[in-house]
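Derivation of every value follows stated rules applied to the coordinates shown; laboratory data play no part. Just so we're clear, the structure is a prediction, and the values are computed from it rather than from any experiment. Glycine also receives a Cβ, built like all others from the backbone with ideal geometry; neighbour counts cover every protein chain displayed.
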Amino acid sequence: MVATNGTSTLDLDRAGTRPGALIDPFLRAITYLRVSVTDRCDFRCVYCMSEHMTFLPKADLLSLEELDRLCSAFIAKGVTKLRLTGGEPLVRRGIMTLVSSLSRHLESGALKELTLTTNASQLEKYAAELKSHGVERINVSLDTLDPDKFRAITRWGDLAKVLAGIDAAQAAGLQVKINAVALKGVNEDEIGGLLAWAHGRGMDLTVIEVMPLGDIGEDRLDQYLPLSMVRAGLAEHYTLEDIEYSTGGPARYVRVKETGGRLGFITPMTHNFCESCNRVRITCTGTLYMCLGQDDAADLRGPLRASESDDLVHAAIDEAITRKPKGHDFVIDRRHRRPALSRHMSVTGG
Ligand code: SAM
Ligand code: SF4
């Protein structure tokens, strides 16, 4: 059963049974935390970062122990799904220590899923270890299978390494979902090829509309491709059947009849999905963003460092959730060429 705001009553029941569970003013249960463990990355994707980024001084970052403490505070408050992201999560030094320590919450049953979103550049090295710590599914971002285009989009990336990472992940038994950002005039003719490749390897594919986050030194209107056009293009070659499948995220899925695989569309620009939002995000400096598309935030590093007890952190989280907004209002058109928000996607990890 689904409440009028899209929150399933099952979610509310599940979170509501815990004392101090996180329910926002619109009765959405907050059960999903995304953690950006670093703002740094070994790529410079054209839609995500400018070529010359200034990153945070390492001293400003939460330590791995502090990240663990913060994640554990959210888990104590009913968060059941945790995604590590970035920047590139696998370039954070010692990241496997964090994955390993968080896996105790999987073992206790408090956490249902520990996962990550990665560019896969380092995945060959870490895939087996991720699996051994209880990670079952990961998202890999990949916008093209053409090595030259891949280099152009990521500025610094090597497609062969990414493909080796995906091979290693599948060999380790990880379920892989591919995320591709649809870019006008760049990969719009390739989405069908990506689909056939991903489904041929037993991986779901999700396409994402480019969002106006952060100054990237380019015009967003030049990049923006509405997914309605991608879908129309795919429908000329494939039979797309609407299905009810949901991972609890913003993607709407279809089944591709010819391949049997699933294809997701994330359309923040053309279709607002905020009514069922169950998530919040923390940055690597311990700032809590209650919405990907709004600036309002809460500092959790101060309360975390002020006391060894978690009481102050719990109080700060509770207070922040009372400020979770109803939704975002991104616009990219000729009158709105500037970023809707000054922060880059790598701050909150998408
Ligand atoms: N580095 C990792 C990766 O690329 O998977 C994790 C962080 S990255 C910020 C997370 C996701 O955000 C990626 O799938 C990326 O394609 C997407 N992304 C980055 N900037 C975006 C933007 N402006 N609009 C839409 N998606 C974006
Ligand atoms: Fe790095 Fe991911 Fe941003 Fe690309 S999308 S620059 S891989 S953080």
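What to note about this one:
- Residues whose amide H falls under 5 Å from that of residue 175, counting only those 5 or more places apart or on a different chain, are 137, 138, with hydrogens built in the peptide plane.
- Cβ distances below 4.7 Å define possible disulfide partners, and in the chain the cysteines left without one are 41, 71, 274, 277, 284, 291.
- Table column - 3J(HN,Hα) (Hz), segment 310-315, Karplus curve with 6.51, -1.76, 1.60, x for Gly and Pro: 8, 4, 5, 5, 4, 5
- Here's how it looks for residue 261: its modeled amide H is under 5 Å from those of 256, which are all 5 or more places away or on a different chain.
- Three-way shape label, the chain, alpha-carbon gyration tensor, a/c 1.5: rounded
- Integer Hz, Karplus 6.51/-1.76/1.60 couplings in order for segment 157-163, x for Gly and Pro: x, 10, 4, 4, 5, 5, 5
- The Cβ shell under 10 Å around residue 85 holds other residues with a net charge of +2, Lys and Arg each +1, Asp and Glu each -1.
- Beta bridges per DSSP with both ends in the chain, % antiparallel, nearest 5: 30 percent
- In degrees, nearest ten, helix 123-132 long axis to first principal axis of the chain (Cα): 50 degrees
- Packing order of peptides 81-91, 26-36, 229-239, highest average first: 81-91, 26-36, 229-239 (average count of other Cβ atoms within 10 Å over each peptide's residues).
- Local net charge near residue 167, Cβ-Cβ under 12 Å (Lys/Arg +1, Asp/Glu -1): +1
- Applying a threshold of 18 Å to the alpha-carbon distances of 77/112; 58/125; 58/324; 161/184 flags 58/125; 58/324; 161/184 as lying beyond it.
- Measuring nothing but how far apart in sequence close Cα pairs (under 8 Å, 6+ apart) lie, relative to its length, the chain scores a relative contact order of 21 percent.
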